[in-house]
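Just so it is clear, none of the values below were taken in a lab; they were calculated from the coordinates. In this text, all values refer to a predicted model and were calculated from it rather than measured experimentally. For neighbour counting, all protein chains shown are included, and Cβ atoms are generated from backbone atoms with ideal geometry for every residue, glycine included.
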4 protein chains.
Amino acid sequence: MLLKRLREEVLEANLELVRKGLVLYTFGNASGVDREQGLVVIKPSGVDYDVLKPEDMVVTDLDGKIVEGTLRPSSDVDTHTLLYREFKGIGAVVHTHSEFATSFAQAGMSIPAFGTTHADYFHGPVPVTAPLSDAAIEGRYVHETGLAIVARFDGANSEPAIDPMAVPACLVAGHAPFVWGKNAADAAHNAVVLEAVAKMAYRTLTLKASAVEVSQALLDRHYQRKHGAKATYGQG
Amino acid sequence: MLLKRLREEVLEANLELVRKGLVLYTFGNASGVDREQGLVVIKPSGVDYDVLKPEDMVVTDLDGKIVEGTLRPSSDVDTHTLLYREFKGIGAVVHTHSEFATSFAQAGMSIPAFGTTHADYFHGPVPVTAPLSDAAIEGRYVHETGLAIVARFDGANSEPAIDPMAVPACLVAGHAPFVWGKNAADAAHNAVVLEAVAKMAYRTLTLKASAVEVSQALLDRHYQRKHGAKATYGQG
Amino acid sequence: MLLKRLREEVLEANLELVRKGLVLYTFGNASGVDREQGLVVIKPSGVDYDVLKPEDMVVTDLDGKIVEGTLRPSSDVDTHTLLYREFKGIGAVVHTHSEFATSFAQAGMSIPAFGTTHADYFHGPVPVTAPLSDAAIEGRYVHETGLAIVARFDGANSEPAIDPMAVPACLVAGHAPFVWGKNAADAAHNAVVLEAVAKMAYRTLTLKASAVEVSQALLDRHYQRKHGAKATYGQG
Amino acid sequence: MLLKRLREEVLEANLELVRKGLVLYTFGNASGVDREQGLVVIKPSGVDYDVLKPEDMVVTDLDGKIVEGTLRPSSDVDTHTLLYREFKGIGAVVHTHSEFATSFAQAGMSIPAFGTTHADYFHGPVPVTAPLSDAAIEGRYVHETGLAIVARFDGANSEPAIDPMAVPACLVAGHAPFVWGKNAADAAHNAVVLEAVAKMAYRTLTLKASAVEVSQALLDRHYQRKHGAKATYGQG
């Protein structure tokens, strides 16, 4: 069996999403990539979480072609693999329909950086894609979903470009969030924090529609505190 | 004892509603129909869920007349049986007062199709009935509740008709949702998803009152993905 | 030990409030009355729920004077006893700071009858008292709290009088709900339903500020269904 | 090992925050002070709660210098120690990113005293600091966070001064709450109540933007009931 440890990590990330309440029934999936071998491990489609085993995970190449596994991969596999091809620094991708992040996606709104909880993880607002065109939806839809994410980070439509390593999440308009990280545990952790941040941003905005984002200085300070060369958080 | 397996399925659907937090005390009920025998199995009225057994289920004919059982059927039985008579393709009906779906019903608002979670299950907005007239309330009220649902799907008041197989739920104005499916598990599953979808629609609207529904292309794509002849979701 | 069964019922009602999430720490209390003996059994003040025993309950007369018990009664005892003296048909009183009902109380708003969940238990809006005057607050405050409730049901300030048996709850402005019933289990049940009804009314109003109450016909129909001489709900 | 009992109390306070749902992952910390020895016991940074032991707690002096312990203290230690130096009557400090209190902090809004739940613990609104300047953020940021809290209680910017013993909590703008108390259990209890009070204030304001605070008489009455010389609550 290929990639035994990565299978276990990906399974564990899937289960963390369930434990933290981000997933209803089978509405979510996590994957991880082995960059050396160019292989992706991803949850199978529509299988109950409580019976998932490492050997159920599906192994595909970076184009989503099945390399090992008897089950069908997540129906979102083409979004995952596109993100791996385009965002070279990421090691895992998570997709959920978590309630508050999805509500922002449905409203077509990015999640503003209203506080330090956000700034500790996301170095700026969490962006939302443009709505997909009918042609994209009727064409290679899952692939196009990935393209919409990449386009947003590349700075399409005269919006500023975003570094996917500094803002490891994107809302797909009318759909839900995709989140990534350096490995499966990190991506799941980011997805859980994204939902917490979305929940507090929702309440901030419904308390005060004119609420303002934190300053660039605060964004920088908190993000560097956890991620910079001089990180002061934790025991690292 | 008639319909042993259907009794078990109906009981299990009732318990799924409790497990998923859709039911407070005894505010909910599920039923299933055996089309060949023309018999309905329904939860008894006002019995605690934790003592319910398959043999407590009540069997009625399609007019709600008790065929087997010593307990009184759910007080909503006449709505259930009307739906079975009118919507020939359905195999089960669920009624809950789940919080967010009921809030839309109380506001007299349909649930807009704001995202793909919705589109995976409901091929368009989940409609709300017109308020019942005083005559209907003072007459055969429970039967009239069913008539209001059927009228909404038939396209009364110059609203477009809706296919009950494509949109398996309706909000009764000032009351709560009725949901259906091909069998009891499916109807309960749809009721759980309806509540999740209502919750996210609530938050979408309170974030952005002018939020717009997804495109027809996206509605079609997601609904077909799970339900069409070429379904690509799950292991089926 | 006086009133052994009533002590057990009152303890059980207190615990039901905790199980249903209506109580944080010790913010709640339930009592019951023995009309024949003119005695009240009430929770002691500030004792943790997980160590409460029937023998910890305090027995007072209808003026709140301790008849049996070594612990101090709930600091709200004078509100409870006033309600027993004024509302002759009630057998138990519950007070909580449950989140949504308290939010209406803090907003000085009654809870409109937006749906059948409400109508099944409360035959009209759940009223809110006038704010207490400084003199009332600085005087016999807890007693005055009861007077404000009674005044609201008596129809003070040219508002219509309300039958406390038909609407078994009142919000005290800037404070929280008091709820009653025919016995301790019934009062606790009403308090749990009040919170559910308040939660749905909150969401109805935030979805649609102009939401309208259900018709008098619907109010009558649902209330009679559970409480009238011809009740059709349950197995009674 | 220094301060064995205080370590246990501080650990227990940290765990109470987790049990009550105020903490996601490691986003929170509690500390306690031994005034006689001038020593602070504080949670280590970024360690999972479920493996924390009393001996993991870090002991520092009142300037945050480590006196005992091999782990790095919470990254917020300089805020804690500043509060101990400035607020002489407090025995413990708690910091969380609890959802509703943080949402007020992100909106830059104080929490109004809308009801008696609030008045029982906080003798007036829970204030919010001014936003930190870029210089403060780029300088001794954690220390400056404490200075912003102290400045708010000292009555900077022509706002009235506040007694930190009467209002044992402050929101840091764009960040989250700091809460204190006479000992670690008390500070954690206040943090839990603050979150409950913030939640109800949020709902009060979203129900009625013009909601008004309770009267000074009610604030005084409730606060004195629990904290004054003539306290009537509990069994004390």
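Points worth noting:
- Per residue convex hull volume, Cα atoms of region C:48-117, in Å³: 159
- In the elastic network of chain C, a GNM with C-alpha springs shorter than 10 Å, the most mobile of C:55, C:195, C:138 is C:138.
- About its Cα centre, the dipole of the protein assembly as shown is roughly 20 debye, where the only charges are +1 on Lys and Arg Cβ and -1 on Asp and Glu Cβ.
- Annotation: amide H of residue A:39 within the under-5 Å range of A:34, sequence separation 5 or more or interchain, hydrogens built in the peptide plane.
- Taking the DSSP bridge list for chain B and keeping only pairs wholly inside it, about 95 percent are antiparallel.
- Of the trypsin sites (Lys or Arg not before Pro) in region A:23-95, the ones in a loop by DSSP (not H, G, I, E or B) with at most 14 other beta carbons within 10 Å are A:35, A:65, A:88.
- Highest mobility in the GNM of chain A, judged by mean-square fluctuation with C-alpha springs under 10 Å and restricted to A:92, A:176, A:211, is found for A:211.
- Label geometry 7 Å along the beta-carbon vector: residue A:160 inter-copy distances in nm: 4.2, 4.2, 6.0
- The HN-Hα couplings worked out from phi for region A:119-133 by the Karplus form 6.51 cos²θ - 1.76 cosθ + 1.60 (θ = phi - 60°) are 5, 5, 10, 10, 8, x, x, 7, x, 10, 6, 5, x, 6, 6 Hz, whole numbers, x standing for Gly and Pro.
- Inter-copy spacing of residue A:1 label points, which lie 7 Å from Cα along Cα→Cβ, given in nm from shortest upward: 4.0, 4.0, 5.7
- When the Gaussian network model of chain B links Cα atoms closer than 10 Å, the mean-square fluctuations of B:215, B:45, B:103 top out at B:215.
- Residue closest to axis [chain A; rotation mapping onto D; Cβ; Å]: A:206, 4
- Computed on the Cα atoms alone, the convex hull of chain D gives a volume of 131 cubic angstrom per residue.
- Chain D - mean residue ellipticity at 222 nm from DSSP helices (-39,500 (n - 2.57) per run, n ≥ 4, rounded to 500): -12500 deg cm²/dmol
- Diagonalising the gyration tensor over the Cα atoms of the protein assembly as shown and scaling each eigenvalue by 5 before taking the square root yields semi-axes of 43, 43, 24 Å, largest first.
- The spacing between region A:51-102 and region D:197-219, judged by their C-alpha centroids, is 47 Å.
- Relative to the other identical copies, residue C:182 shows label-point distances of 4.7, 4.7, 6.6 nm, where the label point lies 7 Å from Cα along the Cβ direction and values run shortest first.
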